[in-house]
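The values are calculated or read from the model by the stated rules, or taken from the named source; none is laboratory data. Treat the numbers as computed from the prediction; the structure is a model and nothing was measured. Virtual Cβ from ideal backbone geometry, glycine too; neighbours counted across all protein chains shown.
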Amino acid sequence: MKLLLVEDEQLIRKGILLKTDWKRCGIEEVEHAEDGSDAVRIAERFRPDILLTDIRMPRMDGIEAARTIRGFCPNVRIIFMSGFSDKEYLKAAISLQSVHYLEKPIRQDELQEALQGAVNLVMHERRSNLGESESQPLIKREIAALLLAPDYPSDRLARLLPLLGRPASDGSACVCAILKWHRPAGAGPSSDAVLLSLEDTAGDAELDCYCLRKDDYHFVIHLCARQERHPAFAARLQDWIERVRTRLPDHPGYHLAIGRQVQGLNRSYDSYVSAVLQLQKSFYRPPNAVLRETDAEERSDAYMFDDERAEAFASALHQGGAEQARQWLENLAREIRQHPHTAVSYTKGVYLQLYQIIRQFGKESGITEFRQDASVGPFAERLHACQRLEDLRALLNGELAALFERLDARKGNSIVRQVMQYVERHYQSRELSLSEIGEFVGVTVPHLCSVFKEGTGVTIKQYVSEYRINRAKALLANRELKLFDIALQVGYADGEYFSKMFKKIAGMQPSEYRKRIVDA
């Protein structure tokens with residue numbers, strides 16, 4: 001159902017567009033124009049079912065625009081709006097057989113009522129003009145949409161169900177199912193083809209079916225026995241599931257959630273809610289699976305990600321490199337999958353934290369891009385769009401691969417990493433020197449210093465000092481350790497020099513830093 005709004009006052013036009021519940025009325029597409037002339041141009045392309053237009057406008061008023069549009073859209077339903085009680089305008093509106101005449105300022109309840117009346121007229125006309133085979137799919141889509149309402153719309157369904165040969169009050173066994181693609185609908189078969197498959201397989205299983213495409217990822221299917229108290233409904237439902245799975249393509253991949261069986265169409269919303277709950281577990285299940293309440297596993301505890309696991313991932317990055325980090329992520333996904341009741345938002349938060357660890361590793365490894373504190377916003381947006389746990393794992397693996405590609409591609413990267421690893425192992429030695437590090441790496445000291453400074457932006461001496469002070473900060477949390485003992489443990493034989501370096505790097509004396517963290 002398509003509607004064209006024509007209003008020259010921008011604030012009024014935006015107010016109507018934002019405040020009106022179009023979907024509640026059954027209107028899927030809305031376009032708008034600034035005046036009558038603009039409206040005629042848009043209508044030639046858009047072909048609206050309903051025209052909602054102001055009357056007094058510049059260039060071409062609403063009456064003339066409506067008359068022109070009706071010339072090439074003879075079945076368009078017209079709703080006029082006007083702040084002027086002008087008899088001539090009213091007469092013109094009557095002559096054009098408008099559905100409604102609304103006085104400004106527009107009341108939202110009156111507008112909603114007028115829109116619903118116009119929609120009903122369009123639907124009635126469509127059913128009258130179409131043959132039975134052509135009108136039934138439209139009626140079924142409308143019934144499917146109505147059954148998603150929390151408050152059962154008995155009056156409207158009482159008018160539609162008899163058109164399909166079903167009683168207005170239907171107490172048959174029913175189930176709601178939700179089909180979810182792993183990619184937008186455009187990445188798989190066409191929506192019409194999917195709907196046709198769902199309905200055909202239901203007919204083969206001797207079930208009545210009302211289904212619709214809810215959005216780019218989801219199709220909702222209401223399945224009903226063809227007579228009340230049908231004893232074989234469960235068997236016919238299983239037959240439908242098996243038939244559907246043979247018709248659905250493996251790519252882009254899907255999940256099919258089956259809701260709880262209910263008695264009567266008036267309980268369809270309850271079945272829909274239970275199907276939604278089942279579908280939440282699809283995030284952790286392999287593709288092309290059927291999720292049912294009857295075979296739901298016993299509730300398990302939610303997965304918990306703590307500092308120890310974060311440190312384990314960081315250690316895998318530093319010590320094992322790309323391959324060990326990838327294997328760690330593989331094990332993580334396997335472990336999370338065993339906790340399907342973990343909130344999806346929590347799991348995505350875990351992967352965001354892992355991404356930040358990757359960035360920190362890149363920074364410590366001397367990658368220039370990672371030394372800047374960049375926003376995680378773009379990554380968070382891609383993470384939010386992930387539909388499965390596997391998508392999260394693939395996303396983070398991509399970041400991991402990009403990181404190590406940069407590391408491997410950098411001139412002197414191997415030297416930088418070797419220096420950092422050597423400092424990490426020998427920072428406690430008071431004899432640690434550039435010549436010692438150069439001998440370990442196998443290059444001359446001038447070349448060593450040049451490559452490290454180019455790769456990290458700091459000298460080796462600066463890096464060693466910063467590393468030692470960072471280690472000292474961790475030790476200061478232990479009040480049992482004396483400052484001189486801490487100085488010795490991080491490679492300083494002179495306590496006074498240690499304090500001087502600590503203040504230079506940390507901005508305060510070691511004793512002051514200890515007081516802050518202990519009293520915090």
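What to note about this one:
- Restricting Ile505, Ile437, Ile469, Ile486 to residues that are over 30 Å from Asp519 (Cα atoms), touching a helix residue (DSSP H, G or I) at 6+ places or on another chain (Cβ under 9 Å) and either surrounded by fewer than 16 Cβ atoms within 10 Å (Cβ to Cβ) or without any contact (Cβ under 8 Å) to a residue 60 or more places away in the chain (or both) narrows the list to Ile437.
- Looking only at the range 325-369, and only at residues there that are closer than 23 Å to Val416 by Cβ and surrounded by fewer than 15 Cβ atoms within 10 Å (Cβ to Cβ), the one that is modelled with the lowest pLDDT: Thr368
- All positions within the range 1-53 that are of a type in the set (Val, Ile, Thr) and more than 21 Å from Lys214 (Cα to Cα): Val6, Ile12, Ile16, Val40, Ile42, Ile50, Thr53
- All positions within the range 210-257 that are touching a Cys at 6+ places or on another chain (Cβ under 8 Å) and either small (Gly, Ala, Ser) or under 24 Å from Cys386 (Cβ atoms) (or both): Phe219, Val220, Ala225
- Count of residues meeting criterion [modelled with pLDDT under 90 and in contact with a strand residue (DSSP E or B) (Cβ under 8 Å, 6 or more places away or on another chain)] in the range 277-290: 8
- Taken over the range 414-459, residues that are outside any helix (DSSP H, G or I) and either touching a strand residue (DSSP E or B) at 6+ places or on another chain (Cβ under 6 Å) or acidic (Asp, Glu) (or both) amount to 1.
- Within the range 23-33, the set of residues being under 11 Å from Gln116 (Cβ atoms) and either assigned to a helix (DSSP H, G or I) or at pLDDT 95 or above (or both) comprises Arg24, Cys25.
- The lone exception for Tyr152 - which of (1) assigned to a helix (DSSP H, G or I); (2) crowded, with 16+ Cβ neighbours inside 10 Å; (3) modelled with pLDDT of 75 or more it fails: (1)
- Selection status of Phe283, out of contact with any Cys (no Cβ under 6 Å at 6 or more places or on another chain), under 30 Å from Val423 (Cα atoms), aromatic (Phe, Trp, Tyr) and touching a residue at least 40 places away in the same chain (Cβ under 8 Å): no
- Options Ala275, Ala257: the member that is closer than 21 Å to Asp208 by Cβ and either in contact with a helix residue (DSSP H, G or I) (Cβ under 6 Å, 6 or more places away or on another chain) or in a strand (DSSP E or B) (or both): Ala257
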